[in-house]
Structures are given as structure tokens and as C-alpha cells.
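What follows is calculated from the coordinates using simple rules that are stated; it is not laboratory data. All values derive from a computational prediction rather than experimental measurement. Note: ideal-geometry Cβ built from the backbone for every residue, glycine included; neighbour counts use all protein chains shown.
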């Protein structure tokens, strides 16, 4: 009996140790990547710290920034976005609108995939059609009717409606171009693309250790000398704890930190050997009442909120001051940003007057729904601001999934949320402010204005850029007059790096390019 | 005895059924749409609907559960809603790291706490006893993230002895997370050892042994310790469970590629298959640890053995 | 009649023995002070002006004469918040541990006493609950019922049930075959009587240790609950939430986490001192 117990125990312990060792040898293989100190000394593998792990290495199976760090460097797109927010050819040599709904594309000749195959129009057709099947990124190409291959280097995209969003959508990480024969071959063997991702980007995939890191290495046969990798490889280390990320950079364990915690920003500014870079980020954080419910159905009350809330306090509380006060409904760095909004200065007296005019001289009580730590801090600051004008705001914090459901159903009096604009303004204006998207579609203020709806529709398809600008300018003016939101602040984009590291191209929509990083 | 072990291992089946049933319905009761959570705030509703359809979320819960159990019977843990990859692979790539951390955390805790507990008990109300008590209480009340970050600041940032995180520097990367994780358990085991030793020391047969002239050390090691072990072993078993489940914060602070962060993210994303997979693996672990604990009872106290026929 | 007199005299006897234990009295003293502090919190520090009123210009200030424990990320006085927070934290700690102790303890006692099939069924159900992540259980309870304090306590309490079941079961198993149980059975005492009158008083040690230590665990779980946005809602103060909100200021303003942490340490120190004394006082073998 004793024997049996000891055998059993020994067995369990051995098993756990063995698996543990198995784990260690798996993880050990990532150790090949160099640490920051060595990189500084001459090796040119760059180690980056980021906060979240990737979800997928298949560009059609994710829609998040961390995964895009990997897939945007492994794969490539037909178009790219310049620092001046202009779309220019990438894999495409050129394109031309034959009419409102037909676009003729020409591909660059001799673009090589990592396996040596040459890019053909068939690959584009295959990739975009595969993308359209994806629930995660398929919606980006809703306007495509068909893709017709003319020859190896020419194809035509036919749209079912005129659209200004086609080219910008082709820049999205979800519109990456895959190699048809390779991907079909993999899938025929029962494997998935993400088990062995391969494209025509500047980097080849090396490995991914879930929860720990992912590694890319330079692709030597890259077609474009200008955007070819200037380093031998990239290692992305996943460090979810803010303070630990900062320490890893201070220690030299990483060369660059992509997500800088706002509480550490000031320290990094002052640290010798480290440079903190700021870039405009297209995010706007906002407070909004449910415009279908009293008291926020009253425009005077909404304007009063705009006067009553001390945005400065929100920015300090939520982001330790690493944010710019916002008056606009779209981030300053974004395409589609125009400075035509009515600005409400902080003025509690004016707020009280407006409330009295609206019939709420004695204030009122309501509940705000929030998800996330930073927004809860911001809400706490707002709570204090509103108490000054006699309005009692209760905060109800919930996790994100509950928040989406409750605010989607319109159960809220008010809520707080944020939005990051991407390269296509229609992807911001439509979900946030049109009647069709009220509720779960993204319009959590339930603001419904047929005029705004019509302007959004026009801006999406009008071929005249001047008219599109006018549409958006009018929309922004209308929204701010109606005080649909209280825009609070826009986070600063913060990237910290070793002072000797060069070649970082920041992107206001978070799509940073890392190919140029070098010492 | 063999029969007992086999019987207990067979009991795993109802336990797994119970756990999966409970968790499945908890997950489906709690508000929030997995498809919306996965696609994020910015995704259009049409995509959410398409994903719901693809994941089979539009079917009644009972149908979903039946489908899941059908797969489970074939040993298939299903595919994660979020990543689309098989849950088995997701867990297999992370669980060993968690197990490794928990194992060494336990070793660290047990090796230190049992001797300290015995010394405290034999020298009740001495300075040693008081100091160990204060340390034990500090250990229990110190949040993992606090201790972890302090250790990183001291030993990684200033002294540069150990890496600040990750699992790729061999034993060096284990040291700080093991200390962080083990400290809370250590406190618990120390206090339990001390107090059940005290209990046993007062029993008649110890007095008898002492009266018979058996040496102090022999009394403690031979007679008292063995009899004091039952509560201690119980607590160790329970702590092992909490080490597995409670490693989340430690893993986050030390960027340890374990299952804790994965589980919490899956819970937040309403990723039912991923959560179920983790929970089933946990329940197997807990059941085996508890089985070991129960077997140890019989080994420690022969009177209990008679039950395990 | 007769038994009630006996009970009262027993309680008096335990109390007398407890009073002789200096450390236990120290623990009791600290607890009484804390409870008084909680009761008279409003007198010491006004809620509206000191606990919730913000002062962004003086945020993250270290301890000073004006703010004994410094200020937090909203410029609020940490001493006042700890004082008012004790109302919530002490209640959460004590009630949720009582919930786990009462439910888990009874289940464990029955499992240990009867053994066999009863044991197997109860403990396998406990295995099931042990495997459900406590954060999931808490999230569901709070999401389904609301963030009222009572549900938060229930959530934390329920997740501790299996722990107590296993501990009490082990304790019961270790004493149930001893002579005094046999003799109680011989004189025809009923099973519940034997469990609660004979067995449990003789195996209190591990239970008391676990219960006094778990109070800290319960308060810390409110920290992780508030980290995912459940638990006590702002601006109400609570120790666990204070700890978790100070997390990102650890390197610049350690006092934000230090003082609530110390408050938890002192609370369980007091509880442990009292617990140790109580165990000795209850131990029938130590009767003179």
C-alpha cells in the first residue's frame, strides 16, 4: 500500500516535471533572439515590447493591432499610406477608375513571395475573395461585386455601388495578398495558413510562442529596396503588465516599447538613453447621453454637459495628462478630420443656466455605464464635475462584453466609450452617427438625424473630394451644435525607444512600420 | 486500494460532466455576445451576425451544449471562438509553463514553511514564533502584483541579477515568479503547520512519549509531525489548486506564457470552448491532486486506510 | 434549562481563559479600535469633503501633516478613504468568510463524518466547484444579480466553499475515530450532536487558521474584482479597490498601495492573534 502511494506520487511528480521541462525547452528556443543590449552592440535583431499577444497569423482571421504587427510585415497590400495620409501604389503598379464602379489595376512585375513564387493577378483575386468570406474583415470589401483577372499582371475590380472606400480598404491589414498555390496547397493538406504564414512582405515568419513572443526574420528577395528590412529580424515580446514593460526597456531587455503606460511616460522622458516619441493618435474618448431618453433627449441638457465637464481633469485622471483635450468628434490625425465644430469651454455657471432653462434647475440623477479602468477613472472625474452643478451621476462599471450588450440595447442613461478612426472616414462617421447603426452598430448615443444620414451616404460615394470635405464639415458642425457627445480627450500616441535606435515610422492609426528600425 | 484509485479516477467522468455543464450554462447566462466581444467595438453589426452564425451561437443553448459534449466524447475540446484554433493546442502550448511555475512555487513554499511552522510551534510565543507569524501574515496580505513588481525593481532593474520577465532565460527567469507565487502559500502552510503541531504536541501520547524519555527531536519528528500532517497536506493540496488558478497576476507581471492570462482573456471574450477547455484541464488536475491528498491521509493515519478498500 | 446554564458557564470559562492570553487581548483590542473607527468614520473625516471630493492639483502627494497617508490619483485623502473603506472591507472580509465557512464547513463535516458514498458525492461536487474559476463565478453572480455589496460578498464567499469543505473534512477525519467520539456514540448521542459538540471543538485549529487568513484573501479578491470593474463602484472607498487602482503608480507613489495594504495586514494580524487565543481557549485539553 505504501509502495503504491509512493509510486503514484512519484508518477505524478515526474509527469509534472517532465511536462514542465518540455515547456522549458519549447520556450528555450525563443532564446535565440538577442536581447536589447546585444542589439546595441552590433547584431541587428530588434526586440520590441508590446502589451497584447497576437490572435492570429492569418490576415483574414483577425482585426487587431497586435496581430497586424506580425501580418503587416509578413504579407503585403496592393496600396500603402504615406505619412501625409495619401494612398500610393504598393504591390499594385497603378490603378485607374474606368467608371464609377470599375477599377483597372496593374500589378508590379516580379514581386516574389517568400517561397520564391511570383505574384500574379490570380493571387489577388484569390486573396480578396477569401477575405470576403471572413466574418472578421470581410465587411471591408462589401462594395466589391467581382474581381476579373485579365492577365498575370492585370485585373479589374467591379463594384456594386460607387464607393470612396475601396482604396482605403485595400490598405487594411485584412486586405493582405496571399499566395494562391501555397495557401490552397496547405489547406488541401488539412493545415491552416496561420500554422505556416507566408506572403510577400519584408519579413518571413519564424515562430510564435503563445503568450511570450513572436519572431520575424528579414526576407532577402523583397521587391522594393526602399521599404526592405534594414534589420535582420524583429522579435515582439509580449509583456502585459505596464510597469514591467517599462522596466524591460530601462534594462535594455527590449529596444523599443510600443505601448507606453501613461503613468510611466514622464519617467521615460527623464531617463537617460531613452527617447519617448509622441505622435498624434486618432482616438477620441467621449461621454454621451442616450438621446432617446430623458433628460438627454433635450439638447440643452446635452449642451450643459459639455459646459459642465472638466475635460482637463478627465485627461489627468484617466491618462495622467498624456492626452490632448478634445472638442472634435474625430481624432486630429485622422483622414476626415475638419475643425468645424462648435467648441464648448468649461463653464459650470453657463451649464447651470442651461439646465435651469431646460427645466432641471435642481439637477437630476442618472447612471453612466463604463467599461475599462481608464474610463472608470475618467468617469470618477466627471462625477465630481457634475456634482458641482447639482447633477448626481452614479457609475456602473461592467466588463466590455456586458457593456456592448447593454448599451447596444439602449438600456443606458449615458455611457462612456472611445473610438479609433482608421484610414477610411466612412468607417468612423457611419457607425457612430447614422440612424441605421443606432445601438449595437456603434451609435450608442442613438442620435438619429436624417440630414446627417444623407450627408454620410453622400460622402461615401461622391467622387468629388471637395464635396466630400464639405459633407464632413457640415456633419461635424451639426453634431457639435446638437451636442451629441461630450468629446473628452484624445490620447497621445506614445512610443519609447533606445536613443540610438532609428527609423521608426509612427502611424496615427497604430499601423507602425518597423522595417526601417536599425542602430 | 487499487480498486479505490481506479474508482476515484472513474469519478473524473461525472466531475468533468458536472464542471462542463455548470460552466457552459454560467457562460451562456452571463450577458455579452462573444461575437461582438471578439470583433470589438468598431465592427459593423453585419459582421457580428455573420460570426454568430459561423460559431453556431444562434442555436439554442441546449443544442450548443449537446454539440460540445458530442465532440468532447471524441476527445475533441472544440475550437476557440476567438482564434479559431483547436482549444487543445492552445492549452497544450501554455499549460506546461503554468504547471512548472506552480510546481516550483509549491516546492519553494513547502521547503521553507514546514520547518518554520514546526519551529514556531515548538517554541510558541518566542521571538522566532512572532517573527515567523508577522512574515506569514505579510505574505498572505501582500498582493501578488505588488510583491512581483517590487522584486523586479530590486533584482532586475537595480541589481540586474534576473530578467524582468519572460521564460527564456532558464532557471534565472523562474526565480522571481516562483518567489512571488510561493509567498502567499508559504504563509498559509506555515500557519497551518504551526497550529496543528501545537494541537498534537498537547495530546496525551506525546506527553507519554516525552515522559518515557524519548528525546525532544525524536518526539517532534517521529510522533508529532506525522500526526499533524493531515491538515497540512490538505492545505498544500488546496494551495496547489490556487497556484494553478491564481497564477494570473503573477503571470501577467512576469510576462510568463502560462494559461492564467489566456483563461482570463477567454472569460472576458466569452470564449466558451476555451474557458471550458481550461476548466476541464483544471478539474482533472484538482481531482488528481485531491486524490493524492486523500491517499496521503491513509498513509499518514492508518486508521483512515480502512475506508479505502 | 440545565443545558443552557451549562452552555453559559462554558462560554464564560472560554472568555476567562481568553482574557488571560495577552496576545489575544491585543488582537481583540486592535479589532475593537478598527470597528470603532468604522462606526465613527463620519465624525473623524467628513465623507463629502474628504473622501470623495477631488483635488487634481494635489494628486499623488506623499504623506504630510495635512494628509497623513498622502493623496491618491484624484488628490483625495488616503487616510480618510481607508477609514471609510474599513466599513466596506471589514464587512466584506468577515461576511464572505463566514459564508464559505458555514456552507463549506457543514458540507465538509458531514463528508468527513459519514465517509463512503456521502463523502464521495459531496467531495466530487466540491471538486466541480473548485475547478470553476472564482473570477468567472464572481463575474456571473455580479452580472446576473448586480453590483450590490451583498452579491459581491456572496460571490467571494461561494468561491471559498470547497476550501473549507476539504479542510473541515480532513480535520473531522483525523479525530472521528478517537475514544471520546466512540464514547459519545456509546451513550447514544445523535450524529449532528457528535459532529458539532464533540468533533468540531476538537479540530478547530486548522479551521481557525484558515478562516483568519482568508479574511485577507477575501479583501484582496475585491481588488481583483474591482480590477475588472465589478465590486464597489466609484467613488466609494474600499481597500481592495484602492490597492488595485494604485497599481500603476507603484514606482512614483507607493503610499497609495502601501497604506491599504498595511490596513489589511493589521486586520488579519489582529484576527490571527485573536484566533490563536481562541483556539487555545477552546481546547478542552487545556482546561485546568
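Legend: mean number of C-beta atoms from other chains within 10 angstrom of residue C-beta atoms, peptide C:248-255, equals 5. Calculated mean residue ellipticity, 222 nm, chain A: -10500 deg cm²/dmol, from DSSP H runs (n ≥ 4) at -39500 (n - 2.57) each, averaged per residue and rounded to 500. The modelled label-to-label distance between residue A:188 and residue A:85, using points 7 Å beyond Cα along the C-beta direction, is 4.7 nm.
In deg cm²/dmol, rounded to 500, what helix-only [θ] at 222 nm does chain B give when every DSSP H run of at least 4 residues adds -39500 (n - 2.57) and the total is split over its residues?
-24000 deg cm²/dmol
Relative to the first principal axis of the alpha-carbon coordinates of chain B, what is the inclination of helix B:259-268, with its axis defined by its Cα atoms, in degrees from 0 to 90 and to the nearest 10? With both axes taken from Cα atoms, the answer is about 50 degrees. If you count the DSSP beta bridges with both ends in region A:283-491, what percent of them are antiparallel, to the nearest 5? Taking every DSSP beta bridge within region A:283-491, about 55 percent pair in antiparallel fashion. Could you state the number of Å between the C-alpha centres of region A:199-235 and region C:228-260? Between the Cα centre of region C:228-260 and that of region A:199-235, the gap is 41 Å.
At a Förster radius of 25 Å, what calculated FRET efficiency corresponds to the Cβ-Cβ distance of residue B:127 and residue B:214, to the nearest 0.05? My answer for the efficiency is 0.40. Region B:180-231 and region A:61-91 have Cα centres lying 65 Å from one another.
Inter-chain Cβ neighbour count for A:425-434, averaged per residue, equals 1 (cutoff 10 Å, partner chain atoms only).
Is the C-alpha gyration tensor of chain A telling us rounded, prolate or oblate? Criteria: a/c under 1.5 is rounded; beyond that, a/b larger than b/c is prolate, otherwise oblate. Oblate shape, in that a/c is at least 1.5 and b/c is the bigger or equal ratio.
Roughly how tilted is helix C:78-114, in degrees to the nearest 10 and between 0 and 90, from the longest Cα axis of chain C? The angle comes out near 20 degrees.
Under 1.5 on a/c is rounded, so check that first for region C:34-128, then, if it is not, pick prolate when a/b is larger than b/c and oblate when it is not; a ≥ b ≥ c are the square roots of the alpha carbon gyration tensor eigenvalues. Prolate is the answer for region C:34-128, as a/c is 1.5 or above and a/b outweighs b/c. As a calculated quantity, the FRET efficiency between residue A:411 and residue C:33 at R0 = 60 Å, using C-beta atoms, amounts to about 0.85.
Label sites at residue A:505 and residue C:121, each approximated as a point 7 angstrom past Cα along Cα to Cβ, lie 7.0 nm apart. Looking at the protein assembly as shown alone, DSSP beta bridges between its own residues are antiparallel in about 75 percent of cases. Here the peptides A:159-166, A:239-246 are ranked by packing, the mean other Cβ count within 10 Å, and the order with the highest first is A:239-246, A:159-166.
Taking a point 7 Å from the Cα of residue C:49 along the Cα-to-Cβ direction, none of the residues of region A:360-400 has its backbone N closer than 16 Å to it. Most tightly packed first, judged by the mean number of other beta-carbon atoms within 10 Å of their residues, the peptides C:257-270, C:94-107 read C:257-270, C:94-107. If both residues of a DSSP beta bridge must be in chain A, then about 75% of such bridges are antiparallel.
Note on residue B:54 and residue A:279: the model spin-label points, each 7 Å out from Cα along the C-beta direction, lie 2.9 nm apart. Between residue A:151 and residue A:388, take the C-beta separation as r, use R0 = 60 Å, and let me know the FRET efficiency to the nearest 0.05. Calculated value: 0.30. Between helix A:299-308 and chain A, what is the angle of the helix's C-alpha long axis to the longest principal axis, kept within 0 to 90° and rounded to the nearest 10? Value to nearest ten degrees: 70. Averaging Cα coordinates gives a centre for region A:268-297 and one for region C:40-76; these two points are 26 Å apart. In terms of packing, defined here as the mean over residues of other Cβ atoms within 10 angstrom, the peptides B:192-198, C:35-41 line up highest first as B:192-198, C:35-41. Within 10 Å of the Cβ of each residue in A:233-244, the mean number of Cβ atoms contributed by other protein chains is 6. Taking a ≥ b ≥ c as the square roots of the eigenvalues of the Cα gyration tensor, the protein assembly as shown is prolate, since a/c reaches 1.5 or more and a/b is larger than b/c.
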